[in-house]
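The structure appears below as structure tokens.
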Amino acid sequence: MAFSAVGRKKLAVYIFLLLLDIAVIALATRVNRFQEFFFMADLFPLALSVVTLILLLVMLAMDVTIKNTFMTRPPFEIGLFCVLSILWLAFNAFSTMRWRFVPLNCTSIPPEYDEERGWCRDLQGLKFAVWVLWLSIFLTAASVLRYAYSQHRKGNRHVWNTPLSRFKPHLRPQPTFVSALDRQTITDYFGPDTNAPQPWEKF
């Protein structure tokens with residue numbers, strides 16, 4: 001089944017997050033390689049970016065290959081992106097605090113320390129990329145929540161049980177068919193008991 005209009009936008013957001021996360025992994029790897037994978041402030045972005053990459057790839061693969069699964073529905077996506085945004089915010093705050101001693105102007109490092117200059121540029125790029133990634137994840141969670149809630153207010157409550165990649169507001173699920181036999185009660189078969197005393201009659 002082809003993706004819906006909102007599904008194509010969601011796919012574009014996922015690809016953007018993947019590319020941004022890969023950039024974070026590349027920069028974090030270069031920074032950690034220079035520091036020999038020693039400092040926690042450098043290791044946190046690397047570890048969390050790898051976890052984020054795996055989760056995004058799994059969700060994207062399931063969204064493409066499986067028609068409807070809980071991992072691609074708005075409640076799960078909102079919850080996952082909220083947790084990721086909280087983790088990124090906490091780890092970014094910790095790492096940025098540790099990186100405050102690194103000079104912003106990498107050219108202030110003497111020219112003879114070429115490797116240190118390169119490490120400084122990679123670190124400044126990493127500092128920028130991790131905050132952009134956090135903001136992108138947070139805005140993704142907020143956008144999915146806002147869209148799902150707006151569709152819920154319009155009466156399209158199936159948005160919570162349908163992946164956004166295949167969600168179409170005008171295709172609401174039809175009510176379950178109930179046959180005439182299911183609607184009938186016992187009095188429809190046997191009729192009312194005329195011999196039974198009525199509530200207004202005295203015994």
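Where a number appears in this text, it was derived from the coordinates with a stated rule and is not lab data. Values in this document were obtained by computation on a predicted structure and should not be read as measured data. Every residue, glycine among them, receives a Cβ derived from its backbone with ideal geometry; neighbour counts consider all protein chains shown.
What lysines could a cross-link reach from LYS168, if we take a straight Cα to Cα line under 19 Å and drop same-chain neighbours fewer than 8 places away?
Within the straight-line limit of under 19 Å, LYS168 reaches these lysines: LYS9, LYS10, LYS67, LYS154.
Could you order the peptides 17-29, 65-77 from most to least packed, using the average number of other C-beta atoms within 10 Å per residue?
Going from most to least packed, we get 17-29, 65-77.
Pop out the ³J(HN,Hα) list for the range 147-156 in order, Karplus 6.51 cos²θ - 1.76 cosθ + 1.60 with θ = phi - 60°, rounded to Hz; leave Gly and Pro as x.
Working through the residues one at a time gives 5, 5, 5, 5, 5, 4, 5, 7, x, 8 Hz.
I'm a student and want to see the number: the projected area of the Cα convex hull of the range 5-166, averaged over all directions, in nm².
If I average the Cα hull's projected area over directions, I get 10.2 nm².
Show me the ranking of peptides 78-91, 142-155 by mean Cβ neighbours inside 10 Å, starting with the highest.
By packing density, highest mean first, the sequence is 78-91, 142-155.
Once a ≥ b ≥ c are taken as the square roots of the eigenvalues of the Cα gyration tensor of the range 1-95, is the result rounded (a/c under 1.5), prolate (a/b larger than b/c) or oblate (a/b not larger than b/c)?
prolate
Quick one: Karplus J couplings for the range 25-34, per residue in order, coefficients 6.51, -1.76, 1.60, θ = phi - 60°, nearest Hz, x for Gly and Pro?
4, 5, 5, 5, 5, 5, 5, 5, 5, 5
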